[in-house]
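**Q** Have a look at the structure that comes next, please.
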Amino acid sequence: MLMGPLIYVFVLAHAAVQIDCILYPRESETREVRTLDGLWNFAVPPTANKSLGFYQQWYSHDLNRNEQVSSILMPVPSSYNDITQDAELRDHLGVVWYDRTFFVPKSWASQRVWLRFSSVSYAAQVWINGELLLVHEMGHLPFESELGEYLLYGQENRVTVACDNTLLPTTVPQGNVQEVNTDNGKKYIQTYTFDFFNYAGIHRSVHLYTTPQQFIEDVSVVTVIDQDGETGVVYYNVSSRVNNAVRLTLYDRDGQAVASEVGTPNNEGTLKVPNAKLWWPYLMDPEPGYLYTMEVELFNDDNDQIVDVYRLKVGIREVTWSNTSLYMNGKPVYLHGFGKHEDSDIRGKGLDFPVIIKDFNLIKWVGGNTFRTSHYPYAEEIMDLADETGIMVIDECPSVDTDLFSSTLLEKHKSSLTQLIARDKNHPSVIAWSIANEPRTQTKAAGEYFGKVANHTRKLDPRRPITLAVARGVSEDQSGQHMDFISFNRYNAWYSNPGHLDMVTLNVIKEATQWHEKYNKPVLMSEYGGDTLAGLHLYPAYIWTEEYQVALFSKHFEAFDHLRDKEWFIGEYVWNFADFKTAQTYTRVGGNNKGIFTRQRQPKAAAYHLRRRYFAIANELYNATLPNDLYLYTASVQKYHEEL
């Protein structure tokens, strides 16, 4: 019998979501960290009974030793969709199962032991040695639990994960499940309106780590620049379950202590750094992304011995904004960057360090100073690299094409932002929160909904501006009143007036101006572009060719330069950094091809074109040095004329 979709969206009927984890697992004198990344056992229930694993209690035995289960090996982290040659697995809807075994040393018995998942999409249920440990609903965000009595110390343990990729009108992002007739009978299929593939699986690292019995639970950091313009002020709050003393010391890149203070947990304190090295964006300063190291030490009950140590990177910077401008450390900043995706061949959305490093190298090569985490939170390792390289980030929650506004959806939407801000609040690279991408903002209900989401976000973090990427027209939008700056997506000469390159520049200028006039707030263009098949050339420029993408960009550049003369236009984000996979549709040739790079990170002609623009902007605004290879040698004009 074919099971209905509500039966196997198991997470909705189980325990409350656990979001205890805030601090990323880092080794120290008092903490050990192990990764459970590698090859896990993997099994898929039969299509005719998606809930079979629960009824047969697959979590009670090793998957590869269970005669009722056909298991294979699956790499973690990765999306499972593209690992095999099985189209059914690629397009799978519902639950899949993972497990693996691990040893816990006897020496850990005196410590607290934690299991942390950096991301499982979309929902997860976790067992340890056959006992239910936790449930989490929300992809792209971490969750953890203390293992305690679930563990066998000095013995082999088993972790089992049931992962469900089902999207419904009350999930974030939303989707629908439809029953369809096929040549082999009825089945359920997933539908969604967002334009990227619904990859699923254990997407990021799994960590096993220890803390002392008395430990540092959280550290919150807010930085500002003193009125003298030279002193960095670091406000901190350390959370712990005990009221013992804490000592905070700030070290510079050379390991020299520049500030220190002893305080009490759960109370704010202040560190002041004279002549502070400020965190500046890439190309805005010769030494971008300067980071201090904050060392947090927790004392015992007698305050005579250190029982826990945690270290995190701190960038001293201050983001402010007005109704016309965005400022970094008191200076106006112009954003020139990209919309992106976590997406690459084979591993899908799985964490992949070579791809991550390549992307940052390419961002710097092009001269971009920012990206938006479209359309979900990116890996913590990516955020760390943004801090270190000085790349500014608009940090976006997983809400895409939001519609059918309900109280249930609202609470999950707010929860996604609670989890995101708890995770990313200390990153200096995060300059703004994006609370949605292309929601249906044309109704009064939408305006009320996003007012509540914006207010929730602002209460959690009043020191960063809030935006959303709006796709509805200026006259019908109801959300902009709740934002701190307006981000709009528009595809002139692509989705509207395709092929008409003479219908871009004035349209962009007109719409951007209308957004500012309606809301009296800064405006940026968060998406523009057109699909391009690498290697397809036609002249005159023709839609889908590399020539057309270059010409389309140039028409937008004209509009942006006109708008840059007005203080309130603060940025441009091309769509997209690289080609990426989407659901199968006749409008997508192997996926979305709007990237300036292919999915394999090879440049199209537009990449060189955009590079010349971004470096020219940085040179004009910040006197950034132009690369030697920005313009390749062609000829000496003077010598050419003399020979004539």
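**Q** State the answer as a single residue: which of PRO75, GLY175, PRO286 lies farthest towards the positive end of the charge dipole of the chain, with beta carbon charges of +1 for Lys and Arg and -1 for Asp and Glu, about the Cα centre.
**A** Going by the Cα projections, it comes out as GLY175.
**Q** Applying the Karplus parametrisation 6.51 cos²θ - 1.76 cosθ + 1.60 with θ = phi - 60° to the phi angles of the stretch 340-347, what ³J(HN,Hα) value in whole Hz is obtained for each residue in order, glycine and proline being reported as x?
**A** Going residue by residue, I get 9, 8, 7, 6, 7, 4, 6, 7 Hz, with x marking Gly and Pro.
**Q** So, one more: Taking the Cα centre of the chain as origin, work out the dipole magnitude from +1 charges on Lys and Arg Cβ and -1 charges on Asp and Glu Cβ, in debye rounded to 20.
**A** Numbers: 58 positive and 79 negative charges, 196 e Å.
Once rounded to the nearest 20, the dipole reads 940 debye.
**Q** Cross-link partners among lysines for LYS452, C-alpha distance below 26 Å, same-chain residues fewer than 8 apart left out?
**A** Of all the lysines, those that pass the test against LYS452 - Cα under 26 Å, at least 8 places apart if same chain - are LYS412, LYS414, LYS425, LYS444, LYS518, LYS521.
**Q** Now for a different question. Which whole-Hz ³J(HN,Hα) couplings does the stretch 567-584 yield from phi under the Karplus relation 6.51 cos²θ - 1.76 cosθ + 1.60, θ = phi - 60°, glycine and proline marked x?
**A** Listing the rounded values in order: 4, 7, 8, 10, x, 9, 10, 6, 10, 9, 4, 9, 4, 8, 7, 10, 4, 6 Hz.
**Q** Assuming 0.36 nm per residue, please report the length gained on full extension of the stretch LYS566 to SER239 beyond their Cα-Cα distance. Intermediate results must be reported in sequence, preceding the final value.
**A** Working: separation 327, 0.36 × 327 = 117.72 nm, distance 4.46 nm.
Residue separation times 0.36 nm, minus the Cα-Cα distance, leaves 113.3 nm.
**Q** Between beta-carbons, use under 10 Å as the cut-off and find the net charge around ARG490, counting Lys and Arg +1, Asp and Glu -1.
**A** Surrounding charge for ARG490 is -2.
**Q** Extending each Cα 7 Å along its Cβ direction at ASN361 and LYS331, get the distance between those two points in nm, one decimal.
**A** 2.8 nm
**Q** Using 0.36 nm times the number of residues separating LEU632 and LEU132, minus their current alpha carbon distance, what extension gain do you get? Let's see the in-between values first.
**A** Numbers: separation 500, 0.36 × 500 = 180.00 nm, distance 6.18 nm.
My answer for the length gained is 173.8 nm.
**Q** Can you give the relative contact order of the chain as a percent, counting alpha carbon pairs under 8 Å and 6+ residues apart?
**A** On the way: 1475 pairs, mean separation 72.8, N = 644.
Computed value for the chain: 11 percent relative contact order.
**Q** Excluding TRP280 itself, calculate the net charge of residues whose Cβ lies under 11 Å from the Cβ of TRP280, where each Lys or Arg counts +1 and each Asp or Glu counts -1.
**A** On the way: positive: LYS277, ARG317, LYS331; negative: ASP285, GLU287.
Value of the local net charge: +1.
**Q** Give me a comma-separated list of calculated 3J(HN,Hα) values for the stretch 428-440, in order, Karplus coefficients 6.51, -1.76, 1.60 applied at θ = phi - 60°, integers in Hz, x for any Gly or Pro.
**A** x, 5, 7, 9, 6, 9, 9, 9, 4, 10, 6, x, 7
**Q** Diagonalise the Cα gyration tensor of the stretch 426-510 and give the resulting equivalent ellipsoid semi-axes, square root of 5 times each eigenvalue, largest first, whole Å. Before the final figure, lay out each step's value.
**A** Values: eigenvalues 156, 54, 17 Å².
Equivalent-ellipsoid dimensions as semi-axes: 28, 16, 9 Å.
**Q** May I pose another question? Which value, in Å³ per residue, describes the convex hull spanned by the Cα atoms of the stretch 127-282? Mind showing how you got there, number by number?
**A** Working: hull volume 38.8 nm³, N = 156.
Residue-normalised Cα hull volume stands at 249 Å³.
**Q** Could you please report the charge total around GLU88, scoring K, R as +1 and D, E as -1 over all other residues with beta-carbon less than 14 angstrom from its beta-carbon?
**A** Counting the neighbours of GLU88, the net charge comes to -1.
**Q** Highest first, please rank the peptides 464-475, 207-218 by the mean number of other Cβ atoms sitting within 10 Å of their residues.
**A** On the way: 464-475: 21.0, 207-218: 19.5.
Highest mean packing first, the order is 464-475, 207-218.
**Q** Give the shape of the stretch 346-402 as rounded, prolate or oblate, defined through the alpha-carbon gyration tensor: a ≥ b ≥ c are the square roots of its eigenvalues, a/c under 1.5 means rounded, and otherwise the shape is prolate if a/b is larger than b/c and oblate if not. Don't skip to the answer; put the middle values down first.
**A** Working: a/c = 1.83, a/b = 1.25, b/c = 1.47.
Here the stretch 346-402 falls in the oblate category.
**Q** In the stretch 559-639, with Lys and Arg counted as +1 and Asp and Glu as -1 at Cβ, which of these residues, LEU630, ASN576, THR587, has the Cα nearest the positive end of the dipole, that is, farthest along it?
**A** Value computed over the given set: THR587.
**Q** Oh, and also: Calculate, in whole percent, how much of the Cα-Cα pair population of the stretch 450-491 lies beyond 14 Å. Let's see the in-between values first.
**A** Numbers: 397 of 861 pairs.
Percentage above 14 Å: 46.
**Q** Sticking with this structure for a sec: Multiply the residue separation of GLN155 and GLU179 by 0.36 nm, subtract the distance between their alpha-carbon atoms, and state the gained length in nm to one decimal.
**A** Numbers: separation 24, 0.36 × 24 = 8.64 nm, distance 4.59 nm.
Answer, rounded to one decimal: 4.0 nm.
**Q** Direction-averaged shadow area of the convex hull around the Cα atoms of the stretch 207-285, nm²? Walk me through the intermediate numbers first.
**A** Numbers: hull surface 29.6 nm².
One quarter of the hull surface, i.e. the mean projection, equals 7.4 nm².
**Q** Considering all alpha-carbon pairs of the stretch 373-490, what whole percent are spaced by more than 25 angstrom? Display every interim value, and only then the final one.
**A** Details: 1240 of 6903 pairs.
That tail contains 18 percent of the Cα-Cα pairs.
**Q** Can I ask one more? Based on Cβ point charges of +1 for Lys and Arg and -1 for Asp and Glu, what charge dipole magnitude is obtained for the stretch 316-432 about its Cα centre, in debye rounded to the nearest 20?
**A** 280 debye
**Q** Looking at the chain, send over the antiparallel percent of its DSSP beta bridges, to the nearest 5.
**A** Values: 96 of 127 bridges.
Around 75 percent of the beta bridges assigned by DSSP in the chain are antiparallel ones.
**Q** I'd like to know which of GLY451, SER429, SER416 lies farthest towards the positive end of the charge dipole of the stretch 362-481, counting +1 on Cβ of Lys and Arg and -1 on Cβ of Asp and Glu.
**A** GLY451
**Q** Something else: How far apart, in nm, are the 7 Å Cα→Cβ label points at LYS444 and ASP502?
**A** A separation of 4.5 nm, rounded to one decimal place.
**Q** Also: Percent of Cα-Cα pairs per 10 Å bin, from 0 to the last occupied bin, for the chain, please list those.
**A** P(r) over the chain, rounded to whole percents: 3, 15, 25, 26, 19, 9, 3, 1, 0.
**Q** Highest mean first, how do 316-327, 378-389 rank when packing is the count of other Cβ atoms within 10 Å averaged over residues? Don't jump to the answer; show the numbers that get you there.
**A** Values: 316-327: 17.8, 378-389: 20.6.
Top of the packing list down: 378-389, 316-327.
**Q** Placing +1 at every Lys and Arg Cβ and -1 at every Asp and Glu Cβ, with all other atoms neutral, what dipole size does the stretch 28-115 have around its Cα centre, in debye to the nearest 20? Before the final figure, lay out each step's value.
**A** Numbers: 8 positive and 10 negative charges, 78 e Å.
Rounded to the nearest 20 debye, it is 380 debye.
Read-outs: derived from the displayed coordinates by stated rules, not from any lab. This is a predicted model, so every value here is computed, not measured. Quick reminder, even Gly has a Cβ in these numbers, built from the backbone with ideal geometry, and neighbours come from all protein chains shown.
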